[in-house]
Number of protein chains: 2
Amino acid sequence: MNGAESLVHTLLKSGIDTCFANPGTSEMHFVAALDRIPGMHCVLGLHETVVTGMADGYARIAGKPACTLLHCGPGLANGIANLHNARRGRSGIVNIVGDQATYHRPLDAPLTADTEALARVVSAWVRTTQTPQEVGRDTAEAVRAARTHPGQVATLILPADASWGDGGEVAEPLPAAAAPPVDPAAVDGAARLLRGKGEGRTLLLLAADALLGDGPSLAYGIAAATGADVMAQFLTGNLQRGQGRWPLARVPYTVEAALEALAPYDRIIQVGATPPVSFFGYPGKPSQMFPPQAVLHVLSRPDQDGIAALRALADEVGATALPPPQSNADSAPLPTGAPHAEGLARVLAALVPEGGIICEESVSFGGGTGPAYDAAAPHTWISLTGGAIGDGFPLATGAAIGAGGQRRVISLQADGSGLYSLQALWTQARERLPCTTIVLANRRYQILLGEYAGVGANPGPTAMDMLDLGNPVIDWIALARGFGVEAARTDTLEGLADLLRASLLRDGPFLIELVI
Amino acid sequence: MNGAESLVHTLLKSGIDTCFANPGTSEMHFVAALDRIPGMHCVLGLHETVVTGMADGYARIAGKPACTLLHCGPGLANGIANLHNARRGRSGIVNIVGDQATYHRPLDAPLTADTEALARVVSAWVRTTQTPQEVGRDTAEAVRAARTHPGQVATLILPADASWGDGGEVAEPLPAAAAPPVDPAAVDGAARLLRGKGEGRTLLLLAADALLGDGPSLAYGIAAATGADVMAQFLTGNLQRGQGRWPLARVPYTVEAALEALAPYDRIIQVGATPPVSFFGYPGKPSQMFPPQAVLHVLSRPDQDGIAALRALADEVGATALPPPQSNADSAPLPTGAPHAEGLARVLAALVPEGGIICEESVSFGGGTGPAYDAAAPHTWISLTGGAIGDGFPLATGAAIGAGGQRRVISLQADGSGLYSLQALWTQARERLPCTTIVLANRRYQILLGEYAGVGANPGPTAMDMLDLGNPVIDWIALARGFGVEAARTDTLEGLADLLRASLLRDGPFLIELVI
């Protein structure tokens, strides 16, 4: 058995059965091993950013890691942006990166690069295997690292001779380390804050797994018992929304809106959440978006079990889980006419099927926090976690695969960011995935026009030119068809509703260009 | 004056007047400065791999660096693959990478990443400026680094507060360091090898600037006087080809072919070239593609002046530059029928206009080493230097800009690698560039099928699936039109000739899908 074969056997034994791939020469032995060993579902991406973004989407929906197969150096580099997002969202991914044979590396052949340095920027765990004998063991350790709660990026670098050499040994799966237990002192401290009297109010700020399962009901139960409020972190990997779920507000994106939303709180209890800081520093604006006098208290870190922490806190303050309020579908007629953000939300909320997945990279339009979605059929909401734009198309594609093709994925995709990774459309067509993409075509980098305004003054001709996507106008219908995906364009909300309904009847992908 | 303004002024003073950009929030102050200070030609790319690839193409043709404007962390990461190629090809580039404000970085906001670590993988020079006062000085040093002979990748990381803060000071241009002088001992050693008697022959192996200007004529003059041979390194940034130029053979790509081509030589004199090693290690094949007993001698390193080295060597052995042999245009009728590699070369060689640029990322088809091109009108040949695929479209786009839109660029673009960076087509349309792309559509990763064969056995269904681009077929005509570029398809050589001729009459870009 060669190293590559021991790799595939160990992955399968460890429960990794899906591989997102864009292989090169140094990965050919892995591909050959896949030919000989059945059981791995291989999904090809046309660019590594598609590959890594798919793995992120898969992990969020399947709840377990997939592996990627990436080419050395620049191949891995191409996938870093979406690995950054996965790292920030704590998705588990096992990257398998081929590399030069150990004896070939010192010759500094043209494609040789510092693959390890690139991997370290986005990985919690990195190892370069040296011999075929070590491949199985290292693979099992990589999977264990990726499964570390709630998920980590693990990168195994595999020199070609470790892959092709004989002596591979299949390793037994290693149990993932248990999440560090909730600290009773942290629970006690949170309870004191909740019981404390003060001018301001107390906020339970949820993120990560505290947003799933019983997390929101426990948080609202605690809030009801203590007079606190509940909010979700702005960047969240996975939200459960719609009827029968708690309508969670998120901390707003802009500094001004976040400062206003968080102004009432002088005690903030973080449950898997990080302190609310702005995305960027801006001249004359604070970086911390909460009142300066506020006390921040960590009930649980992202690597701990947020639901267990909430349960312990509920016990401590004598609260129980509070079921979500009844919410009914919006019975008003659907909005029509020119697209606007609230109308888009109402159309989508009315039509998203039960169990559907909404993948949001809307950037400047449509927000995604619209309360309209709280009246929708129960659905899952996934969005950008690390701010590296271009994850929408791949994330949706991977999510559809993570759901075994059984759940419709509807994407809200800004046009500017969509152009970073549109190649994922081809994988949607190839795998016949139930993906509907709504491209929000404003034909400019609208978010940057807003950021430019923060710099002061009106954009001049150079700035307008660098933030404009309208010269020439990008034809999304042609692009989608080029990749084998059916598509149509509309500039009205009724047109959107018609096309969205039609897309839901299809088995495969569809793209709607919504001119806004 | 703020830091960003001092940056733009210093760039312009230092002779950098072209900026390839894909800005984000942390770069808005730079964009605002460009609005206020005239003189910088800004070119927008839809993805950072397009931006960095354009800068490489520009440097190769303009003979001087451009700057790029890239977003922090993942933005730079997206551009690394083509910076790797630029590094290997020794193109001068000044990267300006925005980053979190210095005081904001410790807060670990979502988009924070190790921008410096990413930069170091591909840059000869990296600096993170800390204050507005230092921006001008650091910019001048970055430009000097990029201009270090024959060119280097220099990366200046600019925290947003260094950009927006007051106190910027324009710096005077710094003279680029002179290339280290040719070592007389190296010249003497080369002369001894050329005069030496032995079983085998002597090879002058040229790369980098030794391939330009008088380099080939000097090398052939030396060869004629001493009985040596002349060859070019496989990966070369810039070749002068066609009538009135020396028909230089390149060391072949595959190990077998290279071993055969280099078998006669037991003395190899490197003029800017690196030792001929294989791209990858393969089981049972040597990594070094020259005879084991061969003596390798460095006449000049890539950072030295290759033409001066050849001139010194010619003086030493009593040789003079030998003008290229007369070569005439191929008067045979153009080939017709189904495309084949030699036919493609003959069509292209017959039609490339004088002074045209051929940009080659043909990967598995068409080679590019075809002797047909030696009979073509004089033209420049640029191709992949670092093995990171996906440089073709951006390289051609940047080359057209580097030539001021005055030279036609004809690209031989493999379909698989073209899909990494097709977004460059939009920039071609936007800038109305004289670019003709011939997409060589075999609808599979043909090169990897060859590499797979090296692994042994025939590819099974999994391998075929992962190396296949035909399910669904990618419609390049639709993709080009989506980005605003006219396009047509053909599957014959006469169709190619007709479309190529028609494209040459246009001012703007055109894409031909050649089904092979």
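The values are calculated or read from the model by the stated rules, or taken from the named source; none is laboratory data. Computed from a predicted structure; not experimentally measured. Using ideal geometry, Cβ is built from the backbone for each residue, glycine included, and neighbour counts are taken over all protein chains shown.
A few notes on this one:
- Qualifying residue in the stretch A:223-239 (condition: crowded, with 18+ Cβ neighbours inside 10 Å, at pLDDT below 95 and in a helix (DSSP H, G or I)): no
- Residue within the stretch A:232-243 that is out of contact with any Lys or Arg (no Cβ under 6 Å at 6 or more places or on another chain) and closer than 30 Å to residue B:166 by Cβ present: no
- Any hit, the stretch B:360-375, residues being surrounded by 21 or more Cβ atoms within 10 Å (Cβ to Cβ), in a helix (DSSP H, G or I) and of a type outside the set (S, T, N, Q): yes
- Residue within the stretch B:24-45 that is within 14 Å of residue B:398 (Cα to Cα), of a type in the set (A, V, I, L, M) and free of Cβ contacts under 8 Å to residues at least 60 places away in the same chain present: no
- Residue among A:186, A:210 that is closer than 29 Å to residue A:355 by Cβ and either in contact (Cβ under 8 Å) with a residue 60 or more places away in the chain or within 14 Å of chain B (Cβ to nearest Cβ) (or both): A:210
- When the stretch A:437-472 is filtered for residues that are closer than 23 Å to residue A:343 by Cβ and surrounded by fewer than 24 Cβ atoms within 10 Å (Cβ to Cβ), the ones remaining, listed by number, are A:442, A:443, A:444, A:446, A:447, A:449, A:450, A:469, A:470.
- Conditions (1) under 30 Å from residue A:152 (Cβ atoms); (2) acidic (Asp, Glu); (3) outside the structural domain of residue A:201 (by TED's automatic domain parsing); number of the one not met by residue A:330: (1)
- Tally, over the stretch A:194-218, of residues that are buried (at least 19 other Cβ atoms within 10 Å of the Cβ) and within 20 Å of residue A:289 (Cβ to Cβ): 9
- Residue tally, condition away from chain A (no Cβ under 14 Å) and not aliphatic (A, V, I, L, M), over the stretch B:112-147: 15
- For the stretch A:64-81, filtering for residues that are at the interface with another protein chain (Cβ under 9 Å from one of its Cβ atoms), closer than 24 Å to residue A:235 by Cα and not in a helix (DSSP H, G or I) leaves 1.
- Residue within the stretch A:338-358 that is in a loop (DSSP other than H, G, I, E, B), at pLDDT below 95 and surrounded by fewer than 18 Cβ atoms within 10 Å (Cβ to Cβ) present: yes
- Residue match in the stretch B:45-55 (condition: at pLDDT 95 or above and surrounded by fewer than 24 Cβ atoms within 10 Å (Cβ to Cβ)): no
- So residue A:235, is it closer than 12 Å to residue A:267 by Cβ and of a type outside the set (D, E, K, R): no
- Residues satisfying the stated conditions in the stretch A:82-111, i.e. within 8 Å of chain B (Cβ to nearest Cβ) and outside any helix (DSSP H, G or I): A:100, A:101, A:103, A:104, A:108, A:109, A:110, A:111
- Residue B:271 in a strand (DSSP E or B) and either without any contact (Cβ under 8 Å) to a residue 40 or more places away in the chain or crowded, with 22+ Cβ neighbours inside 10 Å (or both): yes
- Filter result for residue B:282 (within 12 Å of chain A (Cβ to nearest Cβ), surrounded by 21 or more Cβ atoms within 10 Å (Cβ to Cβ) and assigned to a loop (DSSP other than H, G, I, E, B)): yes
- Selection status of residue A:269, of a type outside the set (D, E, K, R) and touching a His at 6+ places or on another chain (Cβ under 9 Å): yes
- The set of residues in the stretch A:23-54 being within 9 Å of another protein chain (Cβ to nearest Cβ), of a type outside the set (A, V, I, L, M) and not in a helix (DSSP H, G or I) consists of A:23, A:24, A:38, A:42, A:47.
- Flag for residue A:261 being in a helix (DSSP H, G or I), crowded, with 22+ Cβ neighbours inside 10 Å, under 25 Å from the mean Cα position of the chain (by Cα) and small (Gly, Ala, Ser): no
- Scanning the stretch B:376-401 for residues that are in a helix (DSSP H, G or I) and touching a strand residue (DSSP E or B) at 6+ places or on another chain (Cβ under 8 Å) yields B:392, B:393, B:395, B:396, B:397, B:398, B:399, B:400, B:401.
- Annotation for the stretch B:20-28: at least one member residue is in contact with a Phe, Trp or Tyr (Cβ under 8 Å, 6 or more places away or on another chain), modelled with pLDDT of 95 or more and assigned by TED's automatic domain parsing to the domain that holds residue B:121.
- Matching entry among B:418, B:387, B:343, B:402 (being more than 14 Å from every other protein chain (Cβ to nearest Cβ) and closer than 27 Å to residue B:251 by Cα): B:343
- All helices (runs of 4 or more DSSP H) inside the stretch B:430-500 with 1 or more residues being closer than 22 Å to residue A:43 by Cα and free of Cβ contacts under 8 Å to residues at least 40 places away in the same chain: B:446-455, B:461-466
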